[in-house]
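The values are calculated or read from the model by the stated rules, or taken from the named source; none is laboratory data. As the structure is a prediction and not an experimental result, all values here were calculated from the model. Neighbour counts are summed over all protein chains in view; Cβ atoms, including those assigned to glycine, are modelled from backbone coordinates with ideal geometry.
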């Protein structure tokens, strides 16, 4: 694999801070490559971490064949502009309800989410 991973991507996937990864560079545990002024890590460097081993060993064709037995729906409390709901919809959920007290966030929801029931307290 030739994919390059930024320190942010590595940090997020491993669940450790960027400062810990910087410490690993000092100890030689994980030293980034450099291209111009950009630091990056390769999949080959990251394979000894369990998260990346699981990624490599996953049977993606089988995973894509798995379908849920029923539809899933969600409600979102303290929804803000409804960003979490958008992500849930993209992953197959039906958003049944959004709840928000802020009128400006509610106005954004009203504009972008016409099909969803919204409770907006003025």
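Applying the criterion of being modelled with pLDDT under 90 and more than 16 Å from residue 3 (Cα to Cα) to the residues of the stretch 26-47, the residue that is nearest to the chain's Cα centre (by Cα) is 37.
Close contacts from the stretch 101-122, counting a first residue that is loosely packed, with under 11 Cβ neighbours inside 10 Å and a second that is at pLDDT 80 or above, with Cβ to Cβ under 7 Å and a gap of 6+ residues or different chains, come to 121/101; 122/103. For the stretch 63-92, the tally of residues that are closer than 28 Å to residue 10 by Cα and surrounded by 15 or more Cβ atoms within 10 Å (Cβ to Cβ) stands at 5. Restricting attention to the stretch 74-90 and to residues that are in contact with a helix residue (DSSP H, G or I) (Cβ under 6 Å, 6 or more places away or on another chain) and outside any strand (DSSP E or B), the residue that is farthest from residue 109 (Cα to Cα) turns out to be 80. Among the residues of the stretch 26-62, those that are loosely packed, with under 14 Cβ neighbours inside 10 Å and in a helix (DSSP H, G or I) comprise 26, 27, 44, 50, 51, 53, 54, 56, 57, 60, 61, 62. For the stretch 1-25: of the residues being surrounded by fewer than 10 Cβ atoms within 10 Å (Cβ to Cβ) and closer than 19 Å to residue 56 by Cα, which is nearest to the chain's Cα centre (by Cα)? Result: 15.
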